[in-house]
1. Among the candidates 79, 56, 63, single out the residue that is in contact with a helix residue (DSSP H, G or I) (Cβ under 6 Å, 6 or more places away or on another chain), surrounded by 11 or more Cβ atoms within 10 Å (Cβ to Cβ) and in contact (Cβ under 8 Å) with a residue 24 or more places away in the chain.
2. Taking the conditions exactly as written (without any contact (Cβ under 8 Å) to a residue 12 or more places away in the chain and farther than 18 Å from residue 9 by Cβ), does residue 93 satisfy them or not?
3. Is at least one residue of the range 6-16 farther than 18 Å from residue 78 by Cβ, modelled with pLDDT under 95, out of contact with any helix residue (DSSP H, G or I) (no Cβ under 8 Å at 6 or more places or on another chain) and loosely packed, with under 11 Cβ neighbours inside 10 Å?
4. Please state which of the following conditions residue 32 fails to meet, knowing it meets all the rest: (1) surrounded by fewer than 16 Cβ atoms within 10 Å (Cβ to Cβ); (2) in contact (Cβ under 8 Å) with a residue 40 or more places away in the chain; (3) touching a strand residue (DSSP E or B) at 6+ places or on another chain (Cβ under 9 Å).
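The values are calculated or read from the model by the stated rules, or taken from the named source; none is laboratory data. These figures come from a predicted structure and were not determined experimentally. Cβ placement follows ideal geometry from the backbone for every residue including glycine, while neighbour counts extend to all protein chains displayed.
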């Protein structure tokens, strides 16, 4: 891949739990880092549940393999692209050439909005 094709800025969010002074737990997503990526549409589906139409869009992000991107895990990280948060489905590092990696992520475009889809 040519470096010039990494033309979209994405941000990775990391999940953590904040405990307040009386012991309540609150889930938070904080910005971990941002990088340049190539963004490709993977697939899109639309379903109707309980009268609510939901569109789920999956994108493929191609990023350079760095120490930051190598520690990305689907359960603890999210991708933000153009103001929309995408839940990471898979991370596919390239162990042969160690240059780029693929991250597949999806989002719910309509319907309820929650932290753990």
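1. When all the criteria are applied, what remains is 63.
2. Judged against the criteria, residue 93 is not a match.
3. Narrowing the range 6-16 to residues farther than 18 Å from residue 78 by Cβ: 6-7.
Those left that are additionally modelled with pLDDT under 95: 6-7.
Narrowing the set further to residues that are out of contact with any helix residue (DSSP H, G or I) (no Cβ under 8 Å at 6 or more places or on another chain) leaves 6-7.
Those still in the list that are loosely packed, with under 11 Cβ neighbours inside 10 Å too: 7.
Yes.
4. Every listed condition holds for residue 32 apart from (1).
Conditions (1) modelled with pLDDT of 90 or more; (2) under 12 Å from the mean Cα position of the chain (by Cα), marked per residue:
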site	(1), (2)
20	no, no
40	yes, no
48	no, no
51	no, no
55	no, no
73	yes, yes
81	yes, yes
92	yes, no
